[in-house]
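Contents: one structure, followed by commentary.
The values are calculated or read from the model by the stated rules, or taken from the named source; none is laboratory data. Please read these numbers as outputs of a predicted model, since none were measured by experiment. Note: ideal-geometry Cβ built from the backbone for every residue, glycine included; neighbour counts use all protein chains shown.
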Amino acid sequence: MWWLYFKQMPASDTHTILHRVDEIHKLIAGNEVPRAIRRSMDFIKEFSNDKDLLKQILVISSQYHRINQELSIGIAEYAYADRARNQILFGMLTLIDQVHSSYSPQMY
Amino acid sequence: MKDITPHIAQLSAELESAPRTATSRLVSLIKEAYLEKNLYFKALVLRNNFLQSGNEYLPEHLKEDYAQLLKEISQAGKPEILPKASASIPIEVPAMDVFIGANIGKTYPGFELKGIGLRLKTGEITALVGENASGKSTLIEIIAGALQPDAGQTEYPVFETKNDAKDWRKIRTQIAYVQQEFISWNHSLLETLHFEAAVHGIHGEENELEVQFIIHRLGLQEHINKSWSQLSGGYKLRFELARALVWHPSLLILDEPLANLDVNTQSIILEDIRDLAKNTKYPVAILISSQHLTEIEGIADRLIYLHKGVAEFNARIADLAKGAKSHLFELECRAPMEAIAQALKGLHLAELFSKGGKYVLRTGPEVSQAMVLSNLVDAGITIISFRDLTASSKKFFYENKEEF
């Protein structure tokens, strides 16, 4: 399992790609979704050359923005918004995992 | 590898009494047990949903999700295979010298900036602080290539061609400079961002992608169809940042970006600035001037304190407390000065004075903030705010700073 490496890391300020993944996971678990989206954008741009993945996170960002707008003007039901939010969160987690799984330092 | 099975009954019981702890523990346990990634993702989302619900207790539908997840965990198979070794390779932010200045000087009638040396590296944030008319703007303009120094040397290793005379036009176009006073954007916000990317060589699909990226990254979607005059001060700054960053500069200069911003906007902008500087693919050297000392010290790596044109401190933030022969504390409370002096009598205060509605206390290095606080509380003094300034540049702004 990929997070096994947390146990093997030295206690220092040195960052690894796992730190970055964990940062986004913590933001999601802590309900800091806007920042989780922003950091996911940074993560994908920094660790992937795949433009499609970048486009996918932009779509996720748009969807999240749209749901919040619909909620704020009262045209979305909470149950629908909750489902949509969860789809966004799973989409984001999957994207991050995809970039993480395919990351190779030799790419840069 | 941790076996999660014995914890399931406890997790189930905890749900009623302490859902906050239960959902948090569930995330940790799945992670420690190396269960399937999908279960971990479900636990993260469930924890998110619980916090999103804003309830102290888990709503019914989330209880059902929680029970279902526990069931899936108890039936979970073997852990997934280990990741490849590249996952643990350290990520480093490339540190390139973008600006090197030595002994920089500039003289005006009645004012002299003198002997300034600094080095701006990608991945580093340098804070420039000082009172009004201390020379901050002059130094910024020199670094931005908008003003020629009278003395000293300036180099831009990333932008200059070796052995050639400085091509100032080329250098200036490589520096992103966000001034305190914004000039109105005449064209639409979107067109301006596309244009800015294009003049820096980003064309076609790349241009579209970079512009969309920066719009979303800085949270500008809702405002992209507005005109410049319809934007608030905070969003004008964000659009200026977008224009500066859309072409991935190596050097970003921000002159008083936090002025007139509310606290929430300040913290988001500071977070963004820190993230952008530390970007591993497009790292930026950032020079930022500000009067918001606490906020700026929170993100800066280095700090320059200018006083009457001289850099009285020019080192890493971590060195601010180095060699301090005394401790300086700032206290805000309603008690009279005599009561404070009486409360701290046993600590042998070196100095106690009032400035800007706050008290400033100086003690010997053996006196900790815990000792000061404890004495104040014991004397029944209600503290509004308290701060140890020993490791803050704010100490320079108080009188008698020469002694620190």
> Hey, does region B:322-332 have a residue that's surrounded by 19 or more Cβ atoms within 10 Å (Cβ to Cβ), in a helix (DSSP H, G or I) and not charged (D, E, K, R)?
Replying inline: no
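Okay, residues lined up against (1) surrounded by fewer than 17 Cβ atoms within 10 Å (Cβ to Cβ); (2) of a type in the set (A, V, I, L, M):
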position: B:15; (1), (2): no, yes
position: B:33; (1), (2): no, yes
position: B:40; (1), (2): no, no
position: B:48; (1), (2): no, no
position: B:56; (1), (2): yes, no
>> Criterion first (in contact with a helix residue (DSSP H, G or I) (Cβ under 7 Å, 6 or more places away or on another chain), more than 14 Å from chain A (Cβ to nearest Cβ) and not polar (S, T, N, Q)) does residue B:276 satisfy it?
In response: no
> Do you know which residues across region B:158-190 are among the hydrophobic types (A, V, I, L, M, F, W, C) and over 22 Å from residue B:236 (Cα atoms)?
Replying inline: B:158, B:159, B:165, B:168, B:171
> What residue, among those in region B:283-321 that are without any contact (Cβ under 8 Å) to a residue 60 or more places away in the chain and of a type in the set (D, E, K, R), is surrounded by the most Cβ atoms within 10 Å (Cβ to Cβ)?
Replying inline: B:295
> Tell me, which helices (runs of 4 or more DSSP H) wholly within region A:17-108 include 2 or more residues that are farther than 24 Å from residue B:269 by Cα and more than 10 Å from chain B (Cβ to nearest Cβ)?
Replying inline: A:51-72, A:78-102
> Looking only at residues in region B:188-227 that are away from chain A (no Cβ under 14 Å) and among the small types (Gly, Ala, Ser), which one is surrounded by the most Cβ atoms within 10 Å (Cβ to Cβ)?
Replying inline: B:197
> Does residue A:104 fit the bill of being hydroxyl-bearing (Ser, Thr, Tyr) and modelled with pLDDT of 85 or more?
Replying inline: no
> Which of the following residues is within 17 Å of residue B:236 (Cβ to Cβ), at pLDDT 95 or above and in a helix (DSSP H, G or I): B:193, B:209?
Replying inline: B:193
> Applying the selection to region B:218-249, what residues are in a loop (DSSP other than H, G, I, E, B) and farther than 17 Å from residue A:35 by Cα?
Replying inline: B:224, B:225, B:226, B:227, B:231, B:232, B:246, B:247, B:248, B:249
